[in-house]
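Input: a single structure, listed below in structure tokens.
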Amino acid sequence: MRHFGFKFAVTCSLILFITGVVLAYPMFGDSLALTRQQLYEKSDPIYAAFGGCGRPCHVTYSGGGYMRTFLSAARHALTHGVQVIFDGPCLSSCALFADKARDTVCVTPLATLGFHKSWAPNRRLFGSVEHSDPPQSTDIDQWVRANGGYHVDDFLIMRFRDALAFWKQCQSPKSVQGIERRAVRRGVHIFDNLL
């Protein structure tokens, strides 16, 4: 009986230790099990970043998300030639996507891009975060620095006329153009392709 209790205690301790290592170091967790987000990233990176945006991908609002997700989507868009139309706010990691997938991206007059410092959990101090400048291309980085730099607590907004220096212009798809313009005039935000 004593022997069984000892084995049980050692087994429980080992399980707790391994679980702690997996949680503390996500690189080990990636190889053990895939989250739903990781499955989306692997099967359809554009869907993981923007949801059901259609083809061409018509984005009327994106608040961003995990940098890894949007960088994977940018690689996918470039490799597969997925056209992405930004027709409203594109913030945070979405702006990083727009930068990295520039050859397949166009902007409409409603497009705005928002830049800020990226953040990641501080592995040395539990419960805190570390901030850093996102890995933007040199020309976008220069524009951001010339216009106030990356901020921790708010966005630096690039308006349509400035965006034209980096991206080509396109028209909003006709099927939703009037609905979006009326919604913008009323102050309503259209999230990820309502139609």
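Odds and ends about this structure:
- Scan of the stretch 39-75 for residues that are surrounded by fewer than 17 Cβ atoms within 10 Å (Cβ to Cβ), assigned to a loop (DSSP other than H, G, I, E, B) and over 11 Å from the mean Cα position of the chain (by Cα), ordered by number: Asp44, Gly51, Gly52, Gly54, Arg55, Pro56
- Qualifying residue in the stretch 119-129 (condition: touching a helix residue (DSSP H, G or I) at 6+ places or on another chain (Cβ under 6 Å) and assigned by TED's automatic domain parsing to the domain that holds Asp44): no
- Residue that is nearest to Pro89 (Cα to Cα), among those in the stretch 109-138 that are of a type in the set (Ser, Thr, Tyr) and without any contact (Cβ under 8 Å) to a residue 12 or more places away in the chain: Thr138
- Among the residues listed as Leu110, Leu194, the single one being at pLDDT below 85, closer than 21 Å to Ala49 by Cα and of a type in the set (A, V, I, L, M): Leu194
- Of all residues in the stretch 131-157 being exposed (fewer than 12 other Cβ atoms within 10 Å of the Cβ), more than 30 Å from Gly81 (Cβ to Cβ) and not acidic (Asp, Glu), the one that is modelled with the lowest pLDDT: Ser132
- Residue match in the stretch 115-130 (condition: at pLDDT 95 or above and of a type outside the set (D, E, K, R)): yes
- Strands (runs of 3 or more DSSP E) contained in the stretch 76-134 and holding at least 1 residues touching a Cys at 6+ places or on another chain (Cβ under 7 Å) and farther than 16 Å from Val152 by Cβ: 84-86, 105-107, 112-115
- One residue stands out in the stretch 82-99 among those that are free of Cβ contacts under 8 Å to residues at least 40 places away in the same chain and under 15 Å from Asp44 (Cβ atoms): the one that is surrounded by the fewest Cβ atoms within 10 Å (Cβ to Cβ), namely Val82.
- Only listed residue being closer than 14 Å to Trp167 by Cα and touching an Asp or Glu at 6+ places or on another chain (Cβ under 9 Å), chosen from Val144, Val84, Val59, Val107: Val107
The values are calculated or read from the model by the stated rules, or taken from the named source; none is laboratory data. Keep in mind the model is a prediction, meaning the values are calculated, not measured. Neighbour counts run over all protein chains shown; Cβ positions are idealised from the backbone, glycine included.
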